[in-house]
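Here's the structure we're looking at; comments come further down.
The values are calculated or read from the model by the stated rules, or taken from the named source; none is laboratory data. All figures in this text were calculated on a predicted structure; none of them were measured in a lab. Don't worry about glycine lacking a Cβ; one is built from the backbone with ideal geometry, like all the others, and counts go over all protein chains shown.
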Amino acid sequence: MAALSENTGAPGAGAVHIRSVGTALPGPAVDNATLGQRLRMPGQWEEWVDTFIGTRTRHLAIDLDSGKPAATLADLCETAGRRALDRAGLAPEQVDLVVMGTASPDDLMPATVNVVADRLRINGVPSYQLQSGCTGAFQAMHVAQQLLSTGAYRNALVLGGDVTARFYDFDVDFATLPPEHLVHYVLFGDGAGAMVLDTQPVPGSLAVRRLFTQLTGLDRAPGQIVHWFGPSDRDSTRPPAEEDYKAIEESVPVMAAEILDDLLDETGWDRDEVDFLLPPQLSGRMTTKIVDLLALPSATEVSCVRDVGNNGNATPFFQLEQLLAQATPGSRAVGVSVESSKWIKAGFAVETV
């Protein structure tokens with residue numbers, strides 16, 4: 001557990017502030033009817049999605065007609081990063097370090113974070129890329145926070161995003177896929193986000209009062225697996241991705257409640273003192289279930305999953321972008337995330353300066 005000075009956001013070592021946020025989405029929104037038509041799904045497709053998933057639209061980094069890639073993760077992160085820097089009034093040469101979280105880098109090498117830094121004209125600084133599922137953005141924030149707390153750096157550009165549509169196989173017979181495979185084509189959207197973390201507050205910035213990540217997967221089977229294929233196994237019959245949706249449905253709400261309890265205990269906030277809740281964004285249906293379970297009486301839900309899909313490591317940035325637009329001085333917000341591939345809990349508590 002991090003030291004108290006790293007959690008409170010008070011002046012001194014460890015105090016960090018979210019100064020700006022930028023996001024990026026590829027292409028137009030794809031609704032369930034359009035996706036179902038492309039996947040050649042039967043008429044009850046939309047009803048199934050509405051009932052069991054609750055996601056209306058998503059953005060995909062592929063051309064649906066051809067099935068070919070239309071944007072890379074680096075493309076989206078470059079756009080999001082440039083927007084975050086512009087909103088912070090920060091020039092590339094003023095960035096002190098870059099940290100990125102993703103589960104779907106464009107290549108194993110070079111690291112996507114370095115491709116993005118090059119495009120943004122950032123050089124001569126430490127750069128880190130973390131490979132993780134939905135909590136990767138929180139983990140990237142945590143690494144940046146710890147480095148900023150040393151006093152050696154003043155600011156950090158934190159990036160997060162995922163492009164999962166390139167795992168789609170449009171040649172399969174979708175009507176025969178089991179739900180645990182078909183759900184991948186419904187849940188996820190592509191996107192990227194960026195934020196500027198700073199050791200100094202500016203008007204409207206979000207002071208980070210608590211930020212943590214915690215591995216909790218000991219002796220637990222993965223809830224999600226995404227395979228890599230090389231020349232020797234490219235003909236494998238394994239699906240590119242597998243998901244134990246039932247395990248996720250059972251575990252994520254419980255873990256979300258545990259994360260919230262930690263945030264409230266460490267900040268000393270009462271439940272009715274939280275103004276905004278940024279819940280896990282697996283799907284629209286799951287989000288509603290989790291928000292009801294967490295039962296924060298005065299909190300406004302900040303969600304995006306119903307309209308942009310589950311964007312993985314980009315999701316918290318879309319939520320924070322909404323939060324910055326809605327929050328007023330003194331507003332308190334908590335963000336909750338669960339990574340199901342090997343079960344990681346993550347959360348943050350922020351307060352508007």
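Here are the numbers for this structure:
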| read-out | value |
| --- | --- |
| Output for region 87-103, where each listed residue is assigned to a strand (DSSP E or B) and either aliphatic (A, V, I, L, M) or more than 18 Å from P126 (Cβ to Cβ) (or both) | V98, V99, M100 |
| Filter result for A74 (of a type in the set (A, V, I, L, M, F, W, C) and surrounded by fewer than 20 Cβ atoms within 10 Å (Cβ to Cβ)) | no |
| Close pairs from region 215-230: first within 19 Å of E250 (Cβ to Cβ), partner among the basic types (K, R) and in a strand (DSSP E or B), Cβ under 6 Å, at least 6 apart | T216/K345 |
| Candidate set: region 205-239, residues that are more than 17 Å from A346 (Cα to Cα) and basic (K, R); chosen: the one surrounded by the most Cβ atoms within 10 Å (Cβ to Cβ) | R220 |
| Complete set of residues in region 68-106 that are more than 25 Å from Y153 (Cα to Cα), of a type in the set (D, E, K, R) and touching a residue at least 24 places away in the same chain (Cβ under 8 Å) | D75, D106 |
| Members of region 249-269 that are buried (at least 21 other Cβ atoms within 10 Å of the Cβ) and under 30 Å from V172 (Cβ atoms) | V252 |
| Lone qualifier among T213, T176 - being hydroxyl-bearing (S, T, Y) and under 30 Å from D31 (Cβ atoms) | T176 |
| One residue from G89, G43, G14, G54 being at pLDDT below 95, surrounded by fewer than 22 Cβ atoms within 10 Å (Cβ to Cβ) and at positive phi | G54 |
| Neighbours by Cβ (under 9 Å, 6+ apart or cross-chain): first from region 40-67, over 19 Å from Y168 (Cα atoms); second of a type in the set (S, T, Y) | F52/S283; G54/S283; G54/T287; G54/T288 |
| Of residues in region 270-290 being surrounded by 19 or more Cβ atoms within 10 Å (Cβ to Cβ) and among the β-branched types (V, I, T), the one nearest to C134 (Cα to Cα) | T287 |
| Hits in region 104-118 - residues which are part of a helix (DSSP H, G or I) and either touching a strand residue (DSSP E or B) at 6+ places or on another chain (Cβ under 8 Å) or among the hydroxyl-bearing types (S, T, Y) (or both) | T112, V113, N114, V116, A117 |
